[in-house]
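Okay, so here's the structure we're looking at.
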Amino acid sequence: MTLPTQEDEQSKSAVKPESILAKTNLKGDWLNIFLLLLFYIMQGMPIGLIIVIPIFLQSNKNVTYNEQALFGLVVWPFSLKLLWAPLVDSFYIRKIGRRKSWFIPVQFLIGICFFYMAGTINEILPETAKPNILKLIFLVFISNFMAATQDIVVDGWALDLLQKNNVGYASTCASVGQIIGLILSTTSFTLLTSENFGNKYLRITPKVGGIMTMNSLFLVWAISFIAITTLIAIFKNEKDNRLENNRTKPSILESYIILYNILKIPGFKLLAIALLTSQKQIGFSPSERVVNLKLVDVGVPKDNIMIIQTGMYIIKIILPVIAAKYTAGPKPMSILLSLTPIKLFWNSVFFIFFYYASRLIKNNGVVDIPTHYYVILVLIYSINDIQYSIMMTALVAFYCRISDTRFGGTYMTLLNSFSNAGGLLAKFLSFAFIGLFTFKECSFDSKNNCSTLHLQNVCTLNGGDCTTIVNGYYVESVVFTIVGVIWYIIFKNILEKLQSKSPSHWLVKANTLESENYENSCSLITLNKKP
């Protein structure tokens, strides 16, 4: 093996491959575009459970915010997938295909998981009784572990499915497909199983129950996954390009050495700390992580919440395309930093909204939601999502700008892993903080602090009512906003300096590895992964 010098590495990274300069032409690639879109839609459906199940748990009224924090563990697979990505990339059965060797069993296992949930979901997640939190966490965790593995597979497969000059469309398939999968998952799980929504919008004659039960919904998902995967296994052949363009894949050991060498780049560890503690994760939690649960708390029906969320998904599909025009420049991080103070201020907007919302939607103690409440909510939601989408597009553009194109997939996945890990920490803290700093007491017994479901039931059975003395959400809003401001003061100049460094600064010193040019970081699709 001939080892490249550092000068060779820099020159290779500075020159764009011919395929990237070629004009895009989708002729002959439309079927592959459709397949990629389908794969990402299927990937988005298990992710949707992470979003919608907490809403069901909160409306159930039999779970605490600490249990919500525990359920937040189900998102870990997407943040930790870097740990097993080299295994997925290196081990396969040649006769089946490098990507199909993993894609087929992973998809089948998701289908089997949905089959099991179809038969047990009423016991695990009953309408009124206490949910089986641990079993629910296990099943959703497993389905998302498989989805994260599918994500690794499809990201790599996209490079071979599409022609070289069209590989940039893979990122579009990823972002759009995942959003569509989320919409299908969250809206069907919430709206199609809702008796109120079915009678109001889908039926002529009112009936008991939703259009579908949760059992039948999971059954349809399971059959769809298994049927589509079977068709892919039979009819989709995988291209064997091991010898194409002298491509040499690194071994598992070499892949981990690449990760280590990335971490050794001057300034990268500081960037990693900024991503792990980012105010986009912690500082924004009051306006991002717990909004839906607080809407349930103040009395907004979960059906209406999902209708609003669906509208927000449309914004998230369109806005990144528009924002890309402005974030594709040399200083994308400047856009993120410019919006940060405004986004932190938006925590106070939600703070005021929820404070008055608890009084606004109640008439003599009865929930009565006026139209102008929804108008205000949609306006606040929309501005919040516009800010967040632009900031995330800018962040991904920064990732693209600094990633070494020879190891783009590894580089981008590592950056996203730090960002996602920060998100996990923020989600856990946001739920746990509310539970920790919410104080209640029974209306007839001040010694009963209603801290457990048993104490709440004792209070209710004796004719009392658990009254909130201190709402942990408001404490969290103040504390997390202060944390976000501190983060901004500390890291603003640091990130601007890191942004000003030339792309050559971020090159990997791969003096023990043979470089490969098959990956282009800005066309890879690991960029937007995040449930």
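What the table below lists for this structure:
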read-out	value
Fully extended contour minus Cα-Cα distance, from L461 to L38, at 0.36 nm per residue	147.1 nm
Stokes-Einstein translational diffusion, the stretch 84-134 - Kirkwood Rh over all Cα pairs, 0.692 mPa s, 37 °C, in µm²/s	244 µm²/s
FRET E, pair Y201, K331, Förster distance 56 Å, beta-carbon r, rounded to 0.05	0.75
Theoretical FRET efficiency, 1/(1+(r/R0)^6), r = Cβ-Cβ of I383 and S504, R0 41 Å, to 0.05	0.60
Pairs from K81/K509; K27/K343; K269/K294; K135/K302; K100/K264 whose Cα-Cα separation, in the structure shown, is over 31 Å	K27/K343; K269/K294; K100/K264
Estimated FRET transfer efficiency when R0 is 45 angstrom, pair W76-F444 (beta carbons, to 0.05)	0.60
Under the Karplus curve 6.51 cos²θ - 1.76 cosθ + 1.60, θ = phi - 60°, whole-Hz ³J(HN,Hα) for the stretch 332-346, x wherever Gly or Pro sits	x, 5, 5, 5, 4, 5, 5, 7, 4, x, 5, 5, 5, 4, 5
Trypsin sites (Lys or Arg not before Pro) within the stretch 77-131, DSSP loop, no more than 12 other Cβ atoms inside 10 Å	R94, K95
Derived scalar couplings ³J(HN,Hα) [the stretch 63-77; Karplus, 6.51 cos²θ - 1.76 cosθ + 1.60; whole Hz; x for Gly, Pro]	10, 9, 5, 5, 5, 5, 4, 5, 5, x, 5, 5, 8, 4, x
Per-residue ³J(HN,Hα) for the stretch 187-201, Karplus 6.51 cos²θ - 1.76 cosθ + 1.60, θ = phi - 60°, Hz, x for Gly and Pro	6, 5, 5, 8, 7, 6, 9, 8, 5, 4, 5, x, 5, 7, 10
Accessible area per residue in Å² at 1.4 Å probe, computed on the stretch 43-196	35 Å²
Of the trypsin sites (Lys or Arg not before Pro) in the stretch 431-496, those whose Cβ has at most 16 other Cβ within 10 Å and which sit in DSSP loop	K447
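The values are calculated or read from the model by the stated rules, or taken from the named source; none is laboratory data. The model shown is predicted, which means the values in this text are computed figures rather than measured ones. Glycine gets a Cβ as well: all are built from the backbone with ideal geometry, and neighbour counts include every protein chain shown. Ligands, DNA and RNA are excluded from the accessible area calculation, which covers all protein heavy atoms including side chains. Shrake-Rupley method; radii C 1.70, N 1.55, O 1.52, S 1.80 Å.
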